[in-house]
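The values are calculated or read from the model by the stated rules, or taken from the named source; none is laboratory data. Because the structure is a prediction, the values reported are computed rather than measured. When we count neighbours, we look across all protein chains shown, and the Cβ atoms used for this are built from the backbone with ideal geometry, even at glycine. These area figures cover heavy atoms from the full protein model, side chains too; ligands, DNA and RNA do not enter into them. Shrake-Rupley method; radii C 1.70, N 1.55, O 1.52, S 1.80 Å.
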Amino acid sequence: MDLWVTEYQTPSLGFTCKVKETLAVEQTPFQFLSVVDTEQFGKMLLLDGMVMTTEKDEHIYHEMIAQIALNSHPHPEQVLVIGGGDGGALREVIRHPLVQKGTLVEIDERVVESSKKFFPDLACSFASPKAEVIIADGIDYVKSQTNQFDIILIDSTEPVGPAVQLFLPEFYQAAYSALKADGMIVAQSESPFFNADVIKMVYDGIGSAFPVTKLYLANVPTYPSGLWSFTVGSKQYDPETILSAPEGPKKYYTKDVHQAAFKLPAFVKAIIGLDE
Ligand code: SAM
């Protein structure tokens, strides 16, 4: 008998993958965590039944949440990742030659430990001398910081459970204070096809705190609709202006992709109130 794993991306749409082996299932203090080995995408991490990352396409999301800000900021020395317990975003951060320290604040230690066991290519970042992993609520952590970071990446689950407050204007105000005078924030802001309301909430929330606010897109096959958005807020620099693009093992990000990511389809512009 075949075994399949399905993420119900909407009440009437499922994304289903044939499973070779179930590697882990557990109820953590925060969410239901599962790891399966799939035919199509290799190992897959799911939280509360939602695909978080897979071996075969993780590089797209992790390169795109990190490289845009890293390469448009002149001195991305101190970088904070909120969430991101699989380690992929942190891996991109510490690979950048200008980064002095990557701090990751993940609320669920079981995500970190599961990634160490099943996703060594992502969790390799945890052992870096440039990395610090803190198990805590990112909301409380950011509120405790002032003028500390050049870049903050919000690599959180969707706005449910412990992640809800990571999508609110008050959090973006706290992030603004935690950033240095020329800092940048990037938040994953879900799917333009299925989550227009979340995109508008994040774009307006970041826009209420930052003078420069832009949306960019990437194709992530295993995320709902395959089209994913990121919202960047900047105190000073234009995230579309590439200041550095160090060589390195990138499989999706290029300078051209950096520029193209900000070219939005008309329906996405309409979501955030931009004219054609
Ligand atoms: N790339 C994925 C996406 O776009 O949905 C996110 C991956 S990462 C595994 C999401 C992480 O955010 C989870 O490990 C979850 O535990 C963490 N998280 C959720 N709320 C949090 C909070 N308030 N503070 C810190 N981490 C949080």
- Message: I'd like the residue in segment 200-235 that is β-branched (Val, Ile, Thr) and within 19 Å of Gly84 (Cα to Cα) and, out of all such residues, is nearest to the ligand (Cβ to nearest atom).
- Response: Val220
- Note: among Ser234, Ser229, Ser225, just one is farther than 26 Å from Thr54 by Cα and surrounded by 14 or more Cβ atoms within 10 Å (Cβ to Cβ), namely Ser234
- Please work out which residue is farthest from Ile272 (Cα to Cα), limiting yourself to segment 175-192 and to residues that are within 16 Å of the ligand (Cβ to nearest atom) and among the aliphatic types (A, V, I, L, M). Ala178
- Message: For a quick check of your reading of the model, give me the residue pairs whose first member lies in segment 61-74 and is modelled with pLDDT of 95 or more, whose second is among the basic types (Lys, Arg), with beta-carbon atoms closer than 8 Å and at least 6 apart or on different chains.
- Response: His62/Arg91; Glu63/Lys250; Glu63/Lys251; Gln67/Lys250
- Of all strands (runs of 3 or more DSSP E) completely enclosed by segment 43-148, which ones contain at least 1 residues that are open to solvent by 60 Å² or more (accessible area, probe 1.4 Å)? 101-106, 131-135
- Query: When you scan segment 45-56, how many residues do you find that are more than 11 Å from the ligand (Cβ to nearest atom), over 16 Å from the mean Cα position of the chain (by Cα) and not small (Gly, Ala, Ser)?
  - Reply: 1
- Item | Leading residue by the ranking (nearest to Ser177 (Cα to Cα)) among those in segment 237-261 that are of a type in the set (Phe, Trp, Tyr) and open to solvent by 20 Å² or more (accessible area, probe 1.4 Å) | Tyr237
- With the condition kept exactly as written, say whether any residue in segment 92-106 is acidic (Asp, Glu), within 30 Å of Tyr237 (Cα to Cα) and within 11 Å of the ligand (Cβ to nearest atom). yes
- Is one or more of the residues making up segment 134-144 assigned by TED's automatic domain parsing to the domain that holds Asp182, away from the ligand (no atom under 14 Å from the Cβ) and in contact (Cβ under 8 Å) with a residue 60 or more places away in the chain? no
- Message: Need pairs with beta-carbon distance below 8 Å; first residue in a loop (DSSP other than H, G, I, E, B) and within segment 26-38, second open to solvent by 20 Å² or more (accessible area, probe 1.4 Å) and hydroxyl-bearing (Ser, Thr, Tyr); sequence gap 6+ or separate chains.
- Response: Gln31/Thr157
- Within the bounds of segment 151-174, is there any residue that is part of a strand (DSSP E or B) and away from the ligand (no atom under 13 Å from the Cβ)? yes
